[in-house]
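A.B. asks: My questions all concern the structure below.
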4 protein chains.
Amino acid sequence: MIVVMKSGAQPSAIQEVSDRLLELGYQVNPIFGVEKTIIGAVGGSEHGKVDFIDQLRSYADVEDVILITKPYKFVAIESRPNRTVIDLGNGVHIGGNDVVTMAGPCTVESEEQLMETAEAVAKAGATILRGGAYKPSTSPYSYQGMGVPGLELLKDAGNRFGLKVITEVMDLRKVELVAQYADILQIGTRNMQNYDLLKEVGQSKIPVMLKRGMTAKIEEWLLAAEYIAAGGNDQIMLCERGVRTFETATRNTLDLSAIPLLKTLTHLPIIVDPSQGTGRRDLVGPMSKAAVACGADGLIIEVHPHPDHAIKDGAQSMTIPAFQQLMPELSQISVAVGRSMATLRELTVT
Amino acid sequence: MIVVMKSGAQPSAIQEVSDRLLELGYQVNPIFGVEKTIIGAVGGSEHGKVDFIDQLRSYADVEDVILITKPYKFVAIESRPNRTVIDLGNGVHIGGNDVVTMAGPCTVESEEQLMETAEAVAKAGATILRGGAYKPSTSPYSYQGMGVPGLELLKDAGNRFGLKVITEVMDLRKVELVAQYADILQIGTRNMQNYDLLKEVGQSKIPVMLKRGMTAKIEEWLLAAEYIAAGGNDQIMLCERGVRTFETATRNTLDLSAIPLLKTLTHLPIIVDPSQGTGRRDLVGPMSKAAVACGADGLIIEVHPHPDHAIKDGAQSMTIPAFQQLMPELSQISVAVGRSMATLRELTVT
Amino acid sequence: MIVVMKSGAQPSAIQEVSDRLLELGYQVNPIFGVEKTIIGAVGGSEHGKVDFIDQLRSYADVEDVILITKPYKFVAIESRPNRTVIDLGNGVHIGGNDVVTMAGPCTVESEEQLMETAEAVAKAGATILRGGAYKPSTSPYSYQGMGVPGLELLKDAGNRFGLKVITEVMDLRKVELVAQYADILQIGTRNMQNYDLLKEVGQSKIPVMLKRGMTAKIEEWLLAAEYIAAGGNDQIMLCERGVRTFETATRNTLDLSAIPLLKTLTHLPIIVDPSQGTGRRDLVGPMSKAAVACGADGLIIEVHPHPDHAIKDGAQSMTIPAFQQLMPELSQISVAVGRSMATLRELTVT
Amino acid sequence: MIVVMKSGAQPSAIQEVSDRLLELGYQVNPIFGVEKTIIGAVGGSEHGKVDFIDQLRSYADVEDVILITKPYKFVAIESRPNRTVIDLGNGVHIGGNDVVTMAGPCTVESEEQLMETAEAVAKAGATILRGGAYKPSTSPYSYQGMGVPGLELLKDAGNRFGLKVITEVMDLRKVELVAQYADILQIGTRNMQNYDLLKEVGQSKIPVMLKRGMTAKIEEWLLAAEYIAAGGNDQIMLCERGVRTFETATRNTLDLSAIPLLKTLTHLPIIVDPSQGTGRRDLVGPMSKAAVACGADGLIIEVHPHPDHAIKDGAQSMTIPAFQQLMPELSQISVAVGRSMATLRELTVT
């Protein structure tokens, strides 16, 4: 921790802050400059000491306090010799050399819709089926999801076409319930800092995909993941889904630089959502390619057999033929960066 | 709803969209321009129809879809002849001619700290005591609050000094519990779109203060309030607490223009949080004055007897003497805008 | 300057950076922590040393470099014992106890329009006339201003009604020309970092009002002012005019917290533009009050006799009666914060 | 243009607005809904009519005015049957099937530095040399560039190693001068809305690269390009260089979705600057790959022989070996998306 004193701070004020730092367990090294004095405070880990920053900032003669160690631990790259690889079974791994594709409708609407989509995306190479049974809607008058029947359809579709299932959980009382049907629990962007929910999935035994909050800084995102890890669940993947900016031509601004940046900070796998990230079907293909090119470990893509009749997100849902065309193109990019990606598969429908 | 067709859209495409609109229950009025065709779709309320927008956007020849009616109903200014006034009892009203002051520590730390603060802010004119028993912390290693003992202290302090109590509820399983101790439930910025929590407080009988999400648009904020109202609880106040921007010199950017803007859109009272809104104690006074000057119905201010030993938010907490000095200054502003504000009170400590 | 080394940095890497710092003229104080080493580098002023930061950041083992002194000098509050007061003559001062009002049309359109507006705002208490003769327009097909005839009208109106004149200069070749007609040169938001223009007005002898760039940080804004001051012109005022955020309900987000914040950093007067800052006529009054309440030294307000026929910015222009009504209300706020504001004046039209 | 009337607007108010629209040359089609009336106004092009929007918004009963035609013309995709390909001579084309690489130092520092870099980047496959002779610096105390001697060095290096030259022009009085040395004029992010400068390069005969403003919306960016095109210069390329957001871990947030989006709106070629876009050398490689994967027509990359002694931007400058390693990787991505990219070249040094 570095404490920067205001210019003109008296020796007594510097002493007062130094004393407080000693009291908090730090070794104290003041550096007296011509204009300002800075106090270097070192000693042990700073985990759990973030609260001290505000105390020190409240001294009248303190100009700034700078934390020099990362406030997260389990999710930090230093904490593991190797990158996290999440094994979902049946040969589906997230975070290894393969780039995975999660695909499916925004919302589970009916058996027909889901089965048609699931079969098509499975054949095209997706290994994980996405679909919402509980939908976070900005308006209380929007569709809120099928609930349990939707979960059942997801599980059926997964079994039938050999797909793993990812679906969102919003209500912390339903974590256990949703975990009975899903292979991955999704925490949505609006709940990235719903700490009680994070604690709850931290106690679950199944993998969690944590979406970035609408304007979460990278550090806040990793701290949200740390909540899950601290609860005992270390099967976490991060999902970049665009951040909110001034731009109105796209729904969000997809921050792909977060991918290589996160690779320097954490061992967790990183998924990209180009559907939410752009809000426009015609941008999903190019942004999927870009995501794979800069190191994404997977993609989550909205696909619907009839986007113009989709209950939600039709404008950003790919049609099935468009998705089928995209997959081999993505595969070529993955090869160009030394990775591989499942495409055309022959299915044994069960 | 207005559907803007792409330039060059064929008559058949225009017909197809028109048919879909008719199917969705709209009257359809196409306007054929030289460059583009627009389709005006009117008929009944558009509440609940927000989901159609995305369906229509998914047509290949549709360039844009514009909703022309407000998507919220209960909280809209048109829904009530008069502004909402929330009566907390003991002569404390929110939304009337009086400007109310909520004050107290960020976090309940101890009986001594809370009682000292409560007495001081009550004497200075605050009528509502703030204080957190459950704290949303960015880091899992930060202080998470005292829990129930904190709630008990709040209730005691309120009773003792004749103050109403506001405190945050984060976990939807604890809404009823917190409501036993508090007069106002606070929904924090991170939970503005935690819809299950909103639904839960919507079923509570006590008033709710809904903080603006870190980058919530005005419309999203009102829709979040609509979730609460739709659940049956119409005692809602909104709290502007700053939005996230590129600026790093302040913790957030306090958006005071939201106050007069909201006054044109909703009948709900509006509170301002200059402590969170700026993150700097020295800016709390000026921004409180500005908030009252442009029409705020109340303020929520962090006050701590020893900010340099505060567990949280010391840098933005006012000292007691500073708060005592501010209150009469605020009173003068309130008079200048034709309102009034409690200041110096003689307390009958019970 | 503080250099934070990456955790695991070898002594040789630390030595290499230390050597470079010595070479750059710093005294070097390394602090060896358990996790990380930080190097405190002090010595003389850091003005002009901002370029070193990037050099130091480019070392592989350097994690971060933090500048601890302010990069601006002339405009810093430390550089002057008193706040800057700009004397425009005829008793008009900016930055003193009086709050000044600049008012007038967005654009000079005709003699009739300008004279009608000038007379009205002068009678209502404005002491400075605003109006654009050169207009920065987002579209090349928008009106670009009357040019010299517009400047002549401004000067005439100023003389006739005893008003000082402020107008924008965009083209650095026209600084001298505009200065012949105006009492204050305005640098618009789009030109805040047009450094050649800043240098040019830095050599002018008349006061300059520097608008904040659309997303300028406070520090960048002060550095832009420093360009002008470094050129020799110390009659500078800053103008907050809203910043760009995600919000679409207002044209910009007016950042009033910039006012009290700037008061802690600089001695320059601060003006607020609630017209540009909100883009909505109905928000101009409340935000003007808020600006005065939190310490603005002046306001610049768009007023037009017929906003619905205004060439530009009609939606944010006040009508003359609305402006006449606002001024005494603002005066009351100014009194409540211990300042004063001209209102109703009897004019000797010349 | 669509005018949305407020709910409750009287027939007389609707008539008044309709009359004004007729007066402005529109055909008027009102649509009377249950809640609101909307007025469709069509007729001819809306270019040059953007100013009317504000007039209409200023009517008391008008809620919103929506422009339905694009405000730009020359740069719109509809205006040309084919995409623009800029021919720089010697087989260097921008906007065709080849992806071009511009590389070189942020700032021209010395003959030695420039020649070493130019030779290396040319050998690695770059065909255009970048380097600043006039530098826009946030601080007046930062290095401002070598000026004409820098331009001379750039021209020499270009000639010697068979490279075209791009360099920034800031001062509109120097457009002609810089054009004598450069093959492409760069307009920097801070000058995207310096309209007098845009007009000046609009009259130049050489190609222009227009960087996106720090928080420019796509439409504003295209309108800035329209200024250049309207002046007569149609050899324009756009350069995405990151936008300003709340994120502090990167210097800017590179908005790669702008590339496929722009491809739907304009025929102009699109270049990406991953150096400015991220501010971190270690992110330049991945983001370059992503840019090529989603359709960029070229890259502009900062390369320096000794970043830790670079006068500017060392932290985001690649070393020569890193650049040499990146180029063949980029080439593989370009092949994967059906394009090609120059790499290893044998130079005939002249």
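Every number here is computed from the coordinates shown, using simple stated rules; none is lab data. This structure is a prediction, so every number in the text was calculated from the model and none was measured. Here the Cβ is made from the backbone with ideal geometry for all residues, glycine too, and neighbour counts use every protein chain on show.
A.B. asks: What average count of beta carbons from other chains do you get within 10 Å of the Cβ of residues in A:309-316?
C.D. replies: Averaged over the peptide's residues, the number is 5.
A.B. asks: Hey, what does the equivalent ellipsoid look like for the protein assembly as shown, semi-axes from the Cα gyration tensor as sqrt of 5 times each eigenvalue, largest first, whole Å? Mind dumping the intermediate values first?
C.D. replies: Details: eigenvalues 348, 321, 278 Å².
Equivalent ellipsoid of the protein assembly as shown: 42, 40, 37 Å, largest first.
A.B. asks: Note the distances from residue D:156 to each other copy's matching label point, with points 7 Å along the Cα-to-beta-carbon direction, in nm, sorted shortest first.
C.D. replies: In ascending order, 5.8, 7.8, 8.2 nm.
A.B. asks: Also: If you split all Cα-Cα distances of region B:226-350 into 5 Å bins from zero, what percentages do you get per bin, shortest first?
C.D. replies: In whole percents, the pair-distance histogram is 2, 11, 17, 20, 19, 15, 10, 5, 1, 0.
A.B. asks: Take residue A:346 and residue A:34, extend 7 Å from each Cα along the Cα→Cβ direction, and tell me the distance between the two endpoints in nm.
C.D. replies: 8.0 nm
A.B. asks: Return, for the Cα atoms of region A:125-243, the radius of gyration and Dmax in Å, separated by a comma.
C.D. replies: My reading of the Cα-based Rg and Dmax gives 13.9, 40 Å.
A.B. asks: At 7 angstrom along the Cα-to-beta-carbon line, where would the label on residue C:90 sit relative to the other copies? Give the distances in nm, shortest first.
C.D. replies: So the label point of residue C:90 gives 5.7, 6.1, 8.2 nm to the other copies.
A.B. asks: Check each of the trypsin sites (Lys or Arg not before Pro) in region D:44-142 and keep only those in coil by DSSP with at most 15 other C-beta atoms within 10 angstrom; list them in order.
C.D. replies: D:83
A.B. asks: Sticking with this one: Using a 10 Å cut-off on Cβ to Cβ distances, tally the other chain neighbours for every residue of D:187-198 and report the average as a whole number.
C.D. replies: Counting other chains' Cβ atoms within 10 Å and averaging over D:187-198 gives 6.
A.B. asks: Starting from the Cα of residue A:309, move 7 Å in the Cα-to-Cβ direction to define the label point; list residues of region B:11-38 whose amide nitrogen is under 17 Å from there.
C.D. replies: The answer is B:16-25, whose backbone nitrogens lie closer than 17 Å to the label point.
A.B. asks: In nanometres, what is the gap between the two model label sites at residue D:203 and residue D:180, each 7 Å from Cα along Cα-to-Cβ?
C.D. replies: Here the answer is 1.8 nm between the modelled labels.
A.B. asks: Just to be sure I understand: with springs between alpha-carbon atoms less than 10 Å apart, which residue in B:189, B:266, B:215 has the highest mean-square fluctuation in the Gaussian network model of chain B?
C.D. replies: Maximum fluctuation in the GNM of chain B, among the listed residues, is at B:215.
A.B. asks: While we're on this one: Would you please state which residues of region D:8-42 a label at residue B:27 would reach in this model, taking the label point 7 Å out along Cα→Cβ and a backbone N cut-off of under 16 Å?
C.D. replies: Label zone hits: D:8-9, D:11, D:29-40.
A.B. asks: What are the semi-axes of the equivalent ellipsoid of region D:292-350, taken as the square roots of 5 times the eigenvalues of the Cα gyration tensor, listed largest first and rounded to whole Å?
C.D. replies: They are 24, 16, 10 Å, listed from largest to smallest.
A.B. asks: Suppose we keep just the alpha-carbon trace of region C:203-299; what are its Rg and Dmax in angstrom?
C.D. replies: Reported Rg and Dmax, both Å: 13.4, 41.
A.B. asks: Rank B:296, B:322, B:60 by mean-square fluctuation in a GNM of chain B with C-alpha springs under 10 angstrom and give only the top-ranked residue.
C.D. replies: Largest GNM mean-square fluctuation: B:60.
A.B. asks: Rounding to the nearest 10 and keeping the result within 0 to 90°, find how far the Cα-based axis of helix B:218-230 lies from the longest principal axis of chain B.
C.D. replies: For helix B:218-230, the angle is close to 80 degrees.
A.B. asks: Next up: Helix C:11-23 versus the longest principal axis of chain C: what angle, 0 to 90°, nearest 10, using Cα atoms?
C.D. replies: 50 degrees
A.B. asks: Here's something else I'd like to know. Could you tell me the number of lysine pairs in region A:121-253 with C-alpha atoms less than 17 Å from each other, where the two lysines are 8 or more residues apart or belong to different chains?
C.D. replies: Taking region A:121-253 as the scope, the lysine pair count is 9.
A.B. asks: Average partner chain C-beta neighbours within 10 Å, per residue of D:6-17?
C.D. replies: Neighbouring Cβ atoms belonging to other protein chains average 1 per residue here.
A.B. asks: For the Cα atoms of chain C, what angle does the longest principal axis make with the long axis of helix C:148-161, in degrees from 0 to 90, nearest 10?
C.D. replies: 70 degrees
A.B. asks: Let me ask another. Translational diffusion coefficient of region B:103-156 at 25 °C, 0.890 mPa s, Stokes-Einstein with Kirkwood Rh over Cα pairs, in µm²/s as a whole number.
C.D. replies: The estimated diffusion coefficient comes to 214 µm²/s.
A.B. asks: Still on this model: Can you list the copy-to-copy distances for residue A:11, using a point 7 angstrom from Cα toward Cβ, in nanometres, shortest first?
C.D. replies: Spacings between copies for this position, smallest first, are 3.4, 8.8, 9.4 nm.
A.B. asks: In terms of the ratio Rg/(2.2 N^0.38 Å) built on C-alpha atoms, what value belongs to chain A? Working shown, then result.
C.D. replies: Details: Rg = 23.3 Å, N = 350, 2.2 N^0.38 = 20.4 Å.
In units of the globular-protein estimate, chain A measures up at 1.14.
A.B. asks: Something else about it: Based on other C-beta atoms within 10 Å, arrange A:350, C:248, C:127, D:69 from fewest to most.
C.D. replies: Sorted ascending by nearby Cβ count, the order is A:350, C:248, D:69, C:127.
A.B. asks: State the dimensionless ratio Rg/Rh of region C:8-138 (Rg: radius of gyration of Cα atoms; Rh: Kirkwood radius).
C.D. replies: My calculation puts Rg/Rh at 1.31.
A.B. asks: Which value, in debye to the nearest 20, gives the size of the charge dipole of the protein assembly as shown about its Cα centre, when Lys and Arg are +1 and Asp and Glu are -1 at the Cβ? Please list the in-between numbers first.
C.D. replies: Values: 132 positive and 164 negative charges, 1 e Å.
For the protein assembly as shown, the charge dipole is close to 0 debye.
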